[in-house]
Amino acid sequence: MTRIAIVGGGLGGLTLARVLRTRGIDAAVYELEASPTARDQGGTLDLHEESGQRALAEAGLTGQFRAIAREEGEALRILDRGGVVHFEETAEDSGGTRPEVDRGALKRILVESLPDGVVRWGTKVTAVSAGRLTLGTGEVVEADLVVGADGAWSKVRPLLSDAVPVYSGLSFVEAHLSDVDERHPAAAALVGSGSMFALAGGRGLIAQRTGGGRIRVYAAVRTGDPAAVTSLAGRERLLDVFADFDAGLRALIEESDEALIPRPIHALPVGHRWDRLPGVTLLGDAAHVMSPFAGEGANLAMLDATELALALAGHDDVEIALAAYEAALFPRAEEAARDSADNLEACFRPDAPAAMVEQMLAHTADH
């Protein structure tokens, strides 16, 4: 029996453990966070049929997904700084193929699909080598396969690659509004039931309606210094940056009810890949972290996990399975990373939101 150690209990690592289990293969997941709800799990995701939804089908969790999915979340609005709507699409118009789901709810159904003990919560991995993990307790775990599913700053990646994520030139400041229908009805109407982008001159206010009556806001700013975003995580300073935006848009910052969180956006080089090293591989952000402007991060992590699980289940030889998995992973990730980088540039051009509107109109015409 192949001993499989998965470093990282995010969506990718959990999907891998679950799909492996449906094929009769056990794996252990080592996760630093103390529990599945130890921190805010992030915003909403649109799960794509060919990737995230396929992964859940292979995991036997389509029914559970449908129970938490929000079809209305597919709606999209694109505005300029004055609050003028340049593009609007309802969930019905979009075709209903990419329903939204809150990250926390998606993580919950994956965790609940695994027996107790599969995920070792609150476990720090202090050292990694091919075939071995050293834990914070001093315990040494031997494994035939180590999978790095541990995100952008992966501890496993250095075994395979010298690449490190590079600052993209864009930073987010994250804010939240709660109980929006009652407390912030104007903001709720502005954002709608899905996502809203208000873009102009290297800046943007990106808002997502999530479950539980909440809106998550990302104030995006082009700046060459990733440390500079820390100074923007003060409400008055951030409002100064968006001083020429419509008052209704600025209210998304003014009325936010929690501390602002700086988030510099990093990405691995487009086309990141590595030479085959026996007994080690990567998935998700550990393999191909990119900006969120292709909407592929979680979808790709879950697809990577599924493809890896199916390769391992389909080959007696682990190395043959890993070679097949990586041969498909590299071009798939390169295409998504290029789209992400291109879309980031398009969204923050001087004439924004023109490029994003043009792209969405072309997409609508194709469908």
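The values are calculated or read from the model by the stated rules, or taken from the named source; none is laboratory data. This one's a predicted model, so the numbers in the text were calculated from it and none came from an experiment. Because the Cβ atoms are built from the backbone with ideal geometry, glycine has one as well, and the counts that use them run over all protein chains shown. These accessible areas exclude ligands, DNA and RNA; they are computed on the full protein's heavy atoms, side chains included. Shrake-Rupley method; radii C 1.70, N 1.55, O 1.52, S 1.80 Å.
Is the shape of the stretch 10-54 rounded, prolate or oblate, going by the alpha carbon gyration tensor and its root eigenvalues a ≥ b ≥ c, with a/c under 1.5 for rounded and a/b larger than b/c for prolate? The partial results should precede the final answer.
Working: a/c = 3.61, a/b = 1.05, b/c = 3.43.
Because a/c hits 1.5 or more and a/b fails to exceed b/c, the stretch 10-54 counts as oblate.
Over the stretch 86-209, what percent of the accessible surface lies on carbon and sulfur atoms, probe 1.4 Å?
Details: 2470 of 5060 Å².
Carbon and sulfur atoms account for 49 percent of the accessible area of the stretch 86-209.
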Mean-square fluctuation maximum in Gaussian network of the chain, Cα pairs under 10 Å, restricted to Leu14, Leu114, Leu312, hits Leu114
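Using a 1.4 Å probe on the protein chains only, how many percent of the accessible area of the stretch 248-314 belongs to carbon and sulfur? Present the calculation step by step, with values, prior to reporting the outcome.
Numbers: 1130 of 2180 Å².
Of the solvent-accessible surface of the stretch 248-314, carbon and sulfur hold 52 percent.
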In degrees, nearest 10, the alpha-carbon axis of helix 103-112 is tilted away from the dominant principal axis of the alpha carbons of the chain by 30 degrees
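With +1 on the Cβ of every Lys and Arg and -1 on the Cβ of every Asp and Glu, and nothing else charged, how large is the dipole of the chain about its Cα centre, in debye rounded to the nearest 20? Don't jump to the answer; show the numbers that get you there.
Details: 34 positive and 55 negative charges, 177 e Å.
So the dipole magnitude of the chain works out to roughly 840 debye.
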Treating the beta-carbon of each Lys and Arg as +1 and of each Asp and Glu as -1, no other charges, what is the dipole magnitude of the stretch 101-201 about its Cα centre, to the nearest 20 debye?
240 debye
Mind jotting down the distance between the C-alpha centroids of the stretch 5-50 and the stretch 70-124, whole Å?
16 Å
As an exercise, identify the trypsin sites (Lys or Arg not before Pro) in the stretch 93-155 lying in DSSP coil whose Cβ has no more than 13 other Cβ atoms within 10 Å.
Lys124
With a probe of 1.4 Å, find how much accessible area the chain has per residue, and write the answer as a whole number in Å².
41 Å²
What 222 nm value per residue comes from the helices of the chain, counting each DSSP H run with n ≥ 4 as -39,500 (n - 2.57) and dividing by all residues, nearest 500 deg cm²/dmol?
-10500 deg cm²/dmol
Specify the inter-centroid distance of the stretch 188-213 and the stretch 302-367, based on alpha-carbon positions, in whole Å.
24 Å
So how tilted is helix 297-314 from the main axis of the chain? Cα-based, degrees 0 to 90, rounded to 10.
20 degrees
Given the options Glu326, Glu236, Glu88, which has the most mean-square fluctuation in a GNM of the chain, springs set between C-alpha atoms less than 10 angstrom apart?
Glu236
Rounded to 5, the percent of DSSP beta bridges in the stretch 1-150 classed as antiparallel:
60 percent
Among His288, His184, His266, the residue with the largest mean-square fluctuation in a Gaussian network model of the chain built from Cα contacts under 10 Å is His184
Table column - 3J(HN,Hα) (Hz), the stretch 122-132, Karplus curve with 6.51, -1.76, 1.60, x for Gly and Pro
x, 10, 8, 8, 9, 8, 9, 9, 4, x, 7
Here, trypsin sites (Lys or Arg not before Pro) of the stretch 2-99 satisfying both criteria (DSSP loop; at most 11 other Cβ within 10 Å) are Arg39
Run through the DSSP bridge list for the chain and note the antiparallel percent, rounded to the nearest 5.
75 percent
By how many nm would the segment from Glu335 to Asp93 lengthen if fully extended, with 0.36 nm per residue of separation less the alpha-carbon distance?
84.5 nm
Would the stretch 286-367 count as rounded, prolate or oblate if I go by the C-alpha gyration tensor, calling it rounded below 1.5 in a/c and otherwise prolate when a/b exceeds b/c, oblate otherwise?
prolate
How many nm separate the modelled label positions at Trp121 and Ala259, each set 7 Å beyond the Cα in the direction of the Cβ?
2.2 nm
